[in-house]
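To keep things clear, I will list the structure first and then write my remarks on it.
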Amino acid sequence: QVQVVESGGGLVQPGGSLTLSCSASGSIFSIRTMGWYRQFPGKHRELVAQITGGASTNYADYVKGQFTISTDNAKNTMYLQMNTLKPAETAVYYCNEVVHNGLGWSNYWGQGTKVTVSS
């Protein structure tokens, strides 16, 4: 069994910063891709940033230079450092990981963590 859990969301003032964490646990042999997505009410989830092979990163254009994705591969943990946050970025942020559990590759989603940017 593989579990993926996000944490670090909460209330932050406009212009503030927040760091999200995503950890995978269980029967993990390898992680191919770790990514952050966000979802607004009534909208589909959209990619924010992802990292493949623990090194190769890909960012959505609208967060380049503002957000930073990183990993601690030894801990199977991914982070998203979010700076200069705007109210429009209020959303539920989800972690997605492509994990090999010894049987095969599977996609795993976390439960989501809410980020609210407000004064």
| remark: Restricted to the range 29-39 and to residues being among the hydroxyl-bearing types (Ser, Thr, Tyr) and at pLDDT below 95, the residue least open to solvent (accessible area, probe 1.4 Å) is Thr33
| task | For the range 6-28, indicate whether the set of residues that are at pLDDT below 95 and touching a His at 6+ places or on another chain (Cβ under 8 Å) is non-empty. | result | yes
| Those residues of the range 67-119 which are under 19 Å from Gln3 (Cβ atoms) and of a type in the set (Asp, Glu), in sequence order | Asp72, Glu97
| remark: Scanning the range 52-89 for residues that are open to solvent by less than 40 Å² (accessible area, probe 1.4 Å) and not aromatic (Phe, Trp, Tyr) gives Gly54, Ala60, Val63, Gln66, Ile69, Thr71, Thr77, Met78, Leu80, Met82, Leu85, Glu89
| message | For Ser106, only one of the following conditions fails: (1) closer than 15 Å to Gly9 by Cβ; (2) open to solvent by 40 Å² or more (accessible area, probe 1.4 Å). What is its number? | response | (1)
| query | Looking at (1) under 16 Å from Asn96 (Cβ atoms); (2) more than 13 Å from the chain's Cα centre (by Cα); (3) open to solvent by 50 Å² or more (accessible area, probe 1.4 Å), can you tell me which one Pro14 breaks? | reply | (1)
| Failed condition for Ala49, given (1) assigned to a strand (DSSP E or B); (2) over 19 Å from Gly8 (Cβ atoms); (3) without any contact (Cβ under 8 Å) to a residue 60 or more places away in the chain; (4) of a type in the set (Gly, Ala, Ser) | (2)
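The values are calculated or read from the model by the stated rules, or taken from the named source; none is laboratory data. Everything numeric in this text was worked out from a predicted model, so none of it was measured. Here the Cβ is made from the backbone with ideal geometry for all residues, glycine too, and neighbour counts use every protein chain on show. Just the protein is used for accessible areas: all its heavy atoms, side chains included, with ligands, DNA and RNA removed. Shrake-Rupley method; radii C 1.70, N 1.55, O 1.52, S 1.80 Å.
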